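Written out below as structure tokens is the structure these notes cover.
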Amino acid sequence: MTKNTLTSKKVGFILLIIASCQFLLSACSDKSTAVVINKPSQYSLETIKVKPQILPVYYQAVGTIISDKRVDISSRMTGFIQAILVKEGQKVNKGQILVKLDNSIIDGNIKQGRAARNKAQSSLRDAITDLKRYQQLFNTGSVSDNALRKIRLKKEIAESALHEVKANLTKALSEQQYSRIVSPVEGIVVTRQKRVGDLAAPGSTIVTLESESDLLLESYVAESQINKVKVGQQVNVLIDALKLTVQAKVIRVIHAGNQFSRRFQIKLALPKTEGMLSGMFAYALFPVASEEAIVIPSEAVFNRGGLEGVFVRDQQKNIHFRWLHLSRKIGENIQVNAGLTVGETIVAVANSQLKEGDIVNTVEIQP
């Protein structure tokens, strides 16, 4: 390699270093840079000063809504089922025909009973006629006292026979009405245990009905709380499916607990409510004590990313968003378990336009 070649390479390297330095110096030269600073917005909003409140402490008794009138429908006579006129879930009225039984045997018994009645009536008429004739003959001395006595006995036997056949006919006629089984209550068909062609017999359930008008909450209470539950007590019952709270009355307390769970059965009468059905989940709230807690309006709570919180105003009137641990709802308010302290001020109504550091000027209102 020649000396001139090495000298050329050195010169090129030096020129490259000089160009790089010029580029860096130009990049670092003084230029005016605009910095945007968002000033806090100002709002006139209602605020609330956090204060403690005395709230009742509830014992929660979980239960199921049941019907107080569950009726197992069976036949009063033995016979084959000819038709079942209702299906599960169908509403029925009181007096509506549910089941028809084969009454061909009953019809035969009725015809036989009527024929026997007619025959007994004819025999009695003959006996009465004979008795009148023999009475006249006895008065003239043509027949003996013994003959008259036999004719009287014949009449009495004919009367007894007529009473017997009339009783049998009445029984057959009454059985005819039992071949049509009607609903004793207004309600819903819950189950069907028999099918067409099955043999119906007294005590054998064909269909089961439940009344919609008499619904109860059946629940179980721990042994530590049973003495606080009294018959006649009015309590709130929450029905989850309906998102509804109703007032119920304790009507039964069974003071014989389960030996394994140590829980006692109670039943509460529920008011007639649209949409409330047997089998729904519900729970009763029994007040057992009281506690001091923080309660705020539900409309003050703002949801961010699936978490809930409120805007808290500091002494400089700037607001800051704070996550909360919330508890039960109390009417239009909600209880705060953690996140707020007494004396702090919060924005009364959540506003999506509010942001961290905004200024809120307002007159406080009472929660």
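The values are calculated or read from the model by the stated rules, or taken from the named source; none is laboratory data. Bear in mind that the values here come from a model prediction, so they are computed numbers and not experimental data. Glycine gets a Cβ as well: all are built from the backbone with ideal geometry, and neighbour counts include every protein chain shown.
Flag set for residue 57, criterion: in contact (Cβ under 8 Å) with a residue 24 or more places away in the chain and exposed (fewer than 14 other Cβ atoms within 10 Å of the Cβ).
Among the candidates 84, 105, which residue alone is under 30 Å from residue 211 (Cα atoms) and either of a type in the set (S, T, N, Q) or in contact with a strand residue (DSSP E or B) (Cβ under 9 Å, 6 or more places away or on another chain) (or both)?
Answer to the check: 84.
Confirm whether residue 243 is surrounded by fewer than 14 Cβ atoms within 10 Å (Cβ to Cβ) and not assigned by TED's automatic domain parsing to the domain that holds residue 83. Yes; evaluated as a whole, the condition is true for this residue. Checking the structure you have, find out if any residue of the stretch 347-366 is assigned to a strand (DSSP E or B), free of Cβ contacts under 8 Å to residues at least 60 places away in the same chain and either in contact with a strand residue (DSSP E or B) (Cβ under 7 Å, 6 or more places away or on another chain) or within 27 Å of residue 234 (Cα to Cα) (or both). For the stretch 347-366, residues assigned to a strand (DSSP E or B), free of Cβ contacts under 8 Å to residues at least 60 places away in the same chain and either in contact with a strand residue (DSSP E or B) (Cβ under 7 Å, 6 or more places away or on another chain) or within 27 Å of residue 234 (Cα to Cα) (or both): absent. How about the stretch 148-191: which of its residues are under 60 Å from the mean Cα position of the chain (by Cα), small (Gly, Ala, Ser) and surrounded by 14 or more Cβ atoms within 10 Å (Cβ to Cβ)? Selection gives 161, 172, 179, 183, 187.
Here is a yes/no grid of residues against (1) within 23 Å of residue 360 (Cα to Cα); (2) in contact (Cβ under 8 Å) with a residue 12 or more places away in the chain; (3) in a loop (DSSP other than H, G, I, E, B); (4) more than 29 Å from the chain's Cα centre (by Cα):
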{"residue": "275", "(1), (2), (3), (4)": "no, yes, yes, no"}
{"residue": "279", "(1), (2), (3), (4)": "no, yes, yes, no"}
{"residue": "282", "(1), (2), (3), (4)": "no, yes, no, no"}
{"residue": "288", "(1), (2), (3), (4)": "no, yes, no, no"}
{"residue": "292", "(1), (2), (3), (4)": "no, yes, no, yes"}
{"residue": "308", "(1), (2), (3), (4)": "yes, yes, no, yes"}
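Here is the figure for the stretch 218-249: residues that are farther than 11 Å from residue 284 by Cα, small (Gly, Ala, Ser) and assigned to a strand (DSSP E or B) total 1.
Out of 85, 101, one residue alone is free of Cβ contacts under 8 Å to residues at least 40 places away in the same chain, under 19 Å from residue 180 (Cβ atoms) and surrounded by 13 or more Cβ atoms within 10 Å (Cβ to Cβ). It is 85. Looking across 318, 303, 258, 337, one residue alone is in contact (Cβ under 8 Å) with a residue 60 or more places away in the chain and surrounded by fewer than 16 Cβ atoms within 10 Å (Cβ to Cβ). It is 318. When 136, 177 are screened for being under 30 Å from residue 72 (Cβ atoms) and either without any contact (Cβ under 8 Å) to a residue 60 or more places away in the chain or in contact with a Pro (Cβ under 7 Å, 6 or more places away or on another chain) (or both), only 177 passes. Among the residues of the stretch 250-261, is any outside the structural domain of residue 97 (by TED's automatic domain parsing), within 30 Å of residue 51 (Cβ to Cβ), part of a loop (DSSP other than H, G, I, E, B) and at pLDDT below 90? Within the stretch 250-261, not a single residue is outside the structural domain of residue 97 (by TED's automatic domain parsing), within 30 Å of residue 51 (Cβ to Cβ), part of a loop (DSSP other than H, G, I, E, B) and at pLDDT below 90. When the stretch 270-327 is filtered for residues that are β-branched (Val, Ile, Thr) and modelled with pLDDT of 80 or more, the ones remaining, listed by number, are 273, 288, 294, 295, 296, 301, 310, 312.
Selection within the stretch 65-82: residues that are more than 12 Å from residue 198 (Cβ to Cβ) and among the hydrophobic types (A, V, I, L, M, F, W, C). The member of this set that is farthest from the chain's Cα centre (by Cα) is 77.
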